[in-house]
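Asks: Here it is, the structure in full.
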Amino acid sequence: MTLKSSNAWIKGIVTATALVAMSACAAGEGTADNPVLRKFQWFSYLEGGDFKQSCTTGSAGRYRMVYNGIYTEQVRVYDLHGDSGVLDARLIEAMDVADFAVEGWSDLLNPWRGTKASRTLDTAETARIVSMLADDGMFDTPAVGTELPSMGFFWTIAACHEGVYHFTGLAWPSPAWDQARFDDALFAVDPIDAAVNEPRKTTLTRDRHSGLRYDTVNEFIVKVGADGLAGF
């Protein structure tokens, strides 16, 4: 075995191990803010792993809506706490690390933390978002089998609604995407003033050059399952 092939083999093992870790680790409250945790807990975070098991009768409403506008370009995360009306928003975009300053060890991850902002919605604003999620069928039977590629555009919705856990997703282009209206209500109260990376046609497979694959570290395709994500 040549050194080159050995390195490729080792790299493959590391990549496979990372994917297993990403699917197995349970997300916590700090997952979206910490780029290291985000790397290994992202799938769990998408499906609301930090509140999925605790969602029972009497639980406060919790709604996590994640917009994937090409994973390496823009991800928008929205956590709505139904009991308080607090909307926590996060914007994660491609970062230029050439010009950032480091004053201490805690600053090293700053370029990848993204932007975070919160806003307390009034009762009507909160109710409008939840109502539109319901009208769009986000609490109905999940869209099992819907593919969610990182190189494309999709929404995931994880919720603890009226004491019952729900998860589904929708990908662009699709009739479900065209018919959805919850995003209009959400963007109307978005505390982060940054343009949305609008859907456009992209290549959902890895680029090739001279017959060789480019390794894209942050590339994945997942599917909507019956009770969360499936088909990593």
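Asks: Can you tally the net charge around PRO142? Count Lys and Arg as +1, Asp and Glu as -1, for every other residue whose Cβ sits under 11 Å from the Cβ of PRO142.
Replies: -2
Asks: Assuming a ≥ b ≥ c are the square roots of the Cα gyration tensor eigenvalues, decide whether the range 123-203 counts as rounded (a/c under 1.5), prolate (otherwise, with a/b larger than b/c) or oblate.
Replies: oblate
Asks: OK, next. Whose amide H sits under 5 Å from the amide H of LEU121, counting only residues 5 or more places off or on another chain, with H placed in the peptide plane?
Replies: Those qualifying (amide H under 5 Å, at least 5 residues apart or on another chain) are VAL86, LEU87.
Asks: Another question, if that's okay. Considering Cα pairs under 8 angstrom that are at least six residues apart, work out the relative contact order of the range 128-174 and quote it in whole percent.
Replies: Contact order relative to length: 37 percent.
Asks: Provide the net charge surrounding PRO173, with neighbours chosen by a C-beta distance below 14 Å and charges set as Lys +1, Arg +1, Asp -1, Glu -1.
Replies: So the environment of PRO173 carries a net charge of -1.
Every number in this text was worked out from the coordinates using simple rules, so none of it is lab data. This one's a predicted model, so the numbers in the text were calculated from it and none came from an experiment. Positions of Cβ are backbone-derived with ideal geometry, glycine not excepted, and every protein chain shown enters the neighbour counts.
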